[in-house]
Every structure is written in structure tokens, then in C-alpha cells.
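Take a look at the structure below.
The values are calculated or read from the model by the stated rules, or taken from the named source; none is laboratory data. Keep in mind that what you see is a predicted model, and the values were worked out from it rather than measured. Note: ideal-geometry Cβ built from the backbone for every residue, glycine included; neighbour counts use all protein chains shown. Quick note on the areas: whole protein, heavy atoms, side chains included, nothing else; ligands and nucleic acids left out. Shrake-Rupley method; radii C 1.70, N 1.55, O 1.52, S 1.80 Å.
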Amino acid sequence: MAWFKKQRKPIEPPDKQSRVPEGLWVKCPSCTQIIYNKDLVASLSVCTKCGHHFRLSAAERLRALFDADWREFDHGLTSTDPLKFTDTKPYHKRLDASIAATGLNDAVITATGRVNGIETSIAAMEYSFIGGSMGVVVGEKITRAIERAIAGRMPVIIVSCSGGARMMEGSLSLMQMAKISGALARLDRAGLPYVSVLTDPTTGGVTASFAMLGDVNIAEPKALIGFAGPRVIEQTIRQTLPEGFQRSEFLLEHGMLDAIVDRREMKDVISRVFHFAGFGEAARPAARAAAAGAAGETAAAEAAVET
Ligand SMILES: [Zn+2]
């Protein structure tokens, strides 16, 4: 029996609710810096202090990559719920909720436009639509984006941000892996470049297919990239996984990626890749004219020496 009994109630914890208006300031989860929302938008949602990459929506991603406006395709495609699937709630209800929340009809936006002057076909995945999962619609839209690139002789960028295949569509979702990979093989035969951008998170069937098939595979810093989750792997191999396992830096070190690029430099790096592949020469007539002019001057100077 205790000698003393606490009579008074413990002191109430302070009100946890922030008095800062919602959406005006954002706290960086990595360095706890408080960032003004407008500054964050200006830096493409990268923390100005520590470089933490916040997740971007598909529309923000397109805005960050295209020069100005873009033309969206296949906006109206929607899943038909072929299996009439129900888990904790019916799949069609999940779809309706995601459509209402995001304004999209599925987890990807496909569009064409210019990237530093180079006409490009881009597919950007939307994580807030059922975890960016790949169902029949995502597979069809990405395939069409690749075929559009082949028809128009354009390079392709696919920005992955996905939890993998959409299990509510069963094996139909897994078939999209082969379908997109097949389209990428046709793109390759047409001699057109494909840059895969892997963002946080890129997992499951997306990693196991098109996300790793880029002519150049570029990841954002500290992105989670893997096939199965770390817990599943640990249980299977009965070993503790190393520090930083399945993060971009670890994958780059082990030869799974070509580069890790800060989001603020992503557009310029990708357009340099396209230039290297022979695209965008028409966009640089000034540079070629300058080179030709310089050559002409040397020839004239040599002629002058001879006389
Ligand atoms: Zn930070």
C-alpha cells in the first residue's frame, strides 16, 4: 500500500492543435524546419534547408517537367471493376472515393509537351489514387503514351510513384507489367530513348517492370525503391537487413540505378540525356550557328596568314 495518494489530477497536456492556419506553413519531417508554403512550391517541394523531397502529385510533376502547357490524353479512361472485388469495402467505392478526392479517373496522367524545347511524352503516377497502384487503366494509359511517342518520334519519361500492382484487379493488373514492357521494347526498336524517374515510393510490380527498364534510370534522393517490403524479406531470408536498404543511395551503390538527381535539377538532367541521344538539336540553332561562325572565322584567319 502506498504511503501517499496522489489527490490532484495530472497537469493537462497543452492543446496539441497548432494555431498556425492550415496550409500556410509546412514542417519538414526530416529536419523539422518550418517552411513557408509558397517557398516550398517555388523549390518544387524540396526542403530548402536539408533537401528533403516531399511527395509531388502527378499534376505538380508535369508542371515541374514541361516548359509550359501540355496536352493530356485518355483522361476519361476508368476501371470497370472486372472482378466485382470487395475487401474491407467494395472496389468500386474505393474508385469513386479516389476519383472524388483527386479529380483524376485513375492513378496516372499521360501527356505530351516540351521539356526544354524537346517534344516529349510523359506519364506521371499519382500516389494518392489507391497508392498509385497499377491496374488495367494505368497499364493502358502508359502503353498508349509509349505508342504515341513511337508514332510522333518522341522520347518518353515515366515518373513512377506506386505501391505496385492493383490487387483488386487480380491477375489483370499483373498483365500490365508485360504489356508496358512490350511497348517499351517497341520504343527501343524504334530507337527512341526512355528515361525512368523513380520517386518515393516505387515498389512491387512497377519496380519489377517498367521502372527499371529505362535507358537511364534516375531516382530522387532517399526514395524507397524495392520489390517486396523489408519486413517480408527479413522473414523470408531470416537475416537483418543492412542500414539504408531499399533507398536510392543503397541501390546506386549496388548498381541498380544510373543516377540520383535532385528534383530541382531533374528537368535539365533529363533534357541533357535527350540531347545525348540526338534529340533537341533543332531547339539549339543559335549554338550551331555560333559554332559555324567560329569555324568560318578560323578559316579566314588562316587564309590571312597564308597571304
Ligand atoms: Zn528539411
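Residues of the stretch 198-245 that are polar (S, T, N, Q) and farther than 23 Å from residue 129 by Cα: 217, 235, 236, 239, 240.
Filtering the stretch 37-71 to residues that are open to solvent by 30 Å² or more (accessible area, probe 1.4 Å), farther than 23 Å from residue 133 by Cβ and not basic (Lys, Arg) leaves 37, 39, 41, 42, 44, 48, 50, 52, 67, 68, 69, 70. From (1) surrounded by fewer than 17 Cβ atoms within 10 Å (Cβ to Cβ); (2) away from the ligand (no atom under 16 Å from the Cβ), pick out the condition that doesn't hold for residue 34. Unmet for residue 34, out of (1) surrounded by fewer than 17 Cβ atoms within 10 Å (Cβ to Cβ); (2) away from the ligand (no atom under 16 Å from the Cβ): (2).
Pull up the stretch 96-112, narrow it to residues that are open to solvent by less than 10 Å² (accessible area, probe 1.4 Å) and in contact with a Ser or Thr (Cβ under 7 Å, 6 or more places away or on another chain), then point me to the one that is nearest to residue 65 (Cα to Cα). Top of the filtered list is 107.
Restricting attention to the stretch 42-78, the residues being in contact (Cβ under 8 Å) with a residue 40 or more places away in the chain, out of contact with any Leu (no Cβ under 6 Å at 6 or more places or on another chain) and assigned to a loop (DSSP other than H, G, I, E, B) number 14. Counting the residues of the stretch 231-261 that are loosely packed, with under 14 Cβ neighbours inside 10 Å and either basic (Lys, Arg) or touching a residue at least 40 places away in the same chain (Cβ under 8 Å) (or both) gives 3.
For the stretch 41-95, filtering for residues that are within 16 Å of the ligand (Cβ to nearest atom) and charged (D, E, K, R) leaves 2. Taken together, the residues in the stretch 262-274 that are open to solvent by 30 Å² or more (accessible area, probe 1.4 Å), touching a residue at least 60 places away in the same chain (Cβ under 8 Å) and not acidic (Asp, Glu) amount to 3. Evaluate the stretch 174-187: report whether one residue or more is under 20 Å from residue 278 (Cβ atoms) and open to solvent by less than 10 Å² (accessible area, probe 1.4 Å). Scanning the stretch 174-187 turns up at least one residue that is under 20 Å from residue 278 (Cβ atoms) and open to solvent by less than 10 Å² (accessible area, probe 1.4 Å).
Take residue 155 and decide whether it is within 29 Å of residue 275 (Cβ to Cβ) and surrounded by 23 or more Cβ atoms within 10 Å (Cβ to Cβ).
So residue 155 fits the description; yes.
Can you name the residue in the stretch 72-92 that is open to solvent by less than 80 Å² (accessible area, probe 1.4 Å) and hydroxyl-bearing (Ser, Thr, Tyr) and is also farthest from the chain's Cα centre (by Cα) among such residues? Among those that are open to solvent by less than 80 Å² (accessible area, probe 1.4 Å) and hydroxyl-bearing (Ser, Thr, Tyr), it is 91.
Does any residue of the stretch 189-205 turn out to be open to solvent by 10 Å² or more (accessible area, probe 1.4 Å), free of Cβ contacts under 8 Å to residues at least 24 places away in the same chain and outside any strand (DSSP E or B)? So far as the stretch 189-205 goes, yes, one or more of its residues are open to solvent by 10 Å² or more (accessible area, probe 1.4 Å), free of Cβ contacts under 8 Å to residues at least 24 places away in the same chain and outside any strand (DSSP E or B).
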